[in-house]
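For reference, the structure is listed below as structure tokens.
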Amino acid sequence: MSFTTFYEDIKSVGSLAVMLLRRLEPEPYYVRGYIDRECRKLVDEGWRRRHDWEKPWVKTFERNGYILKIAFIHARKGEHITGADIAFELSGRKIIFVQSKRVHRNGRIYFNRLQLQKLLELEWEICGFPYIAFPLAVIPSLPYRVTFYHLIMREGLQIEERFFHISEVSFILSWRKSASQTEFINQGLRPGEFQEMFWKCRIGGPDIREDKKRDILYMYSLITNRLVVWLDVMLK
């Protein structure tokens, strides 16, 4: 993966972190700056020279009204990273997982089928349900919505961002690996709506033991080779 593509993912992770934390403070730009700096160091110095990455939590921020902990998970310690995703949790209550995708210049959005399957499995594991690994595993009765795609699209000169649950993307794709952005434009949740739904606990999976979450995220990273930026918010 090129540094440019990886950095685009990191910018999306930072922007998502800021968007979600705005519920707690108006301008939480510190978190985007920290994620950006640490990931640049990862590229420049390599994972093995960043000894802090071995700690359970890399960084803790004491803020007015909440405590934020950030961890970086990459099973192969920086080797051939294929992208970056965000896991965001309200400690003791809810957790969500988001992967960003940008529209290609040809107007289509491309998805990795293996990553889509692993996102489906990750949701089931967080929810504590057994799963069967087969294509298009869409179960409408599942009571939680944990894993989402964040689609960054263009409509004329405007950028349009929407959030879709993985089952919705899987349904639209069917057996394809890509879809025209016209199949997503003006649908899904806007960023403000997504933030509100999370903080009202209308989306997200149940919080589970920290060691189990870490194992689930580690396995996802091992199979997909993606970096997971894990943010844990504890309200004071």
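Odds and ends about this structure:
- Distance from the alpha carbon centroid of segment 180-205 to that of segment 9-33 works out to 17 angstrom.
- Amide hydrogen proximity for Lys94: with H placed 1.01 Å from N in the peptide plane, the residues at 5 or more positions away or on another chain lying under 5 Å are Asp207.
- Amide H within-cut-off set for Arg226, under 5 Å, with H built and near neighbours excluded: Thr82
- Here the dipole of segment 94-206 is about 280 debye; that uses its Cα centre as origin and unit charges on the Cβ of Lys and Arg (positive) and Asp and Glu (negative).
- You can think of it this way: the chain between Arg22 and Leu222 has 68.9 nm of extra reach, that is 0.36 nm per residue less the Cα-Cα gap.
- Highest-MSF residue in the chain out of Gly83, Gly65, Gly128 [GNM, Cα springs under 10 Å]: Gly65
- Modelled spin labels at Tyr30 and Arg105, positioned 7 Å past Cα toward Cβ, are 4.0 nm from each other.
- The helix-only estimate of mean residue ellipticity at 222 nm for the chain, built from DSSP H runs of length n ≥ 4 each weighted as -39500 (n - 2.57), is -11500 deg cm²/dmol after division by the residue total.
- Summing charges over neighbours of Arg202, with a neighbour being any other residue whose Cβ is under 14 Å away from its Cβ, gives +3 when K and R count +1 and D and E count -1.
- Counting DSSP beta bridges with both ends in the chain, the antiparallel % (nearest 5): 70 percent
- Calculated P(r) of segment 94-206 - Cα pairs past 22 Å, %: 32 percent
- Note on segment 94-206: dipole from Cβ charges, positive end direction compared against Thr182, Met197, Cys127; the farthest Cα belongs to Thr182.
- Approximate spin-label separation Asp211-Cys127, in nm, with each point projected 7 Å along Cα-to-Cβ: 2.6 nm
- Matching label, Cα extents along the principal axes in Å computed from the structure shown, candidates (i) 77, 48, 26; (ii) 42, 37, 36; (iii) 57, 44, 31: (ii)
- Sparse-neighbour loop sites [trypsin sites (Lys or Arg not before Pro); segment 147-177; at most 13 other C-beta within 10 Å; DSSP]: Arg176, Lys177
- Applying 1/(1 + (r/R0)^6) with r as the Cβ-Cβ distance of Ser178 and Glu8 and R0 = 30 angstrom yields a FRET efficiency of 0.95.
Taken together, the values in this text are just the output of simple stated rules run on the coordinates, not laboratory data. If you're wondering where the values come from, they're calculated on a predicted model, not measured in any experiment. No Cβ is skipped: glycine too gets one built from the backbone with ideal geometry, and neighbour counts run over all protein chains shown.
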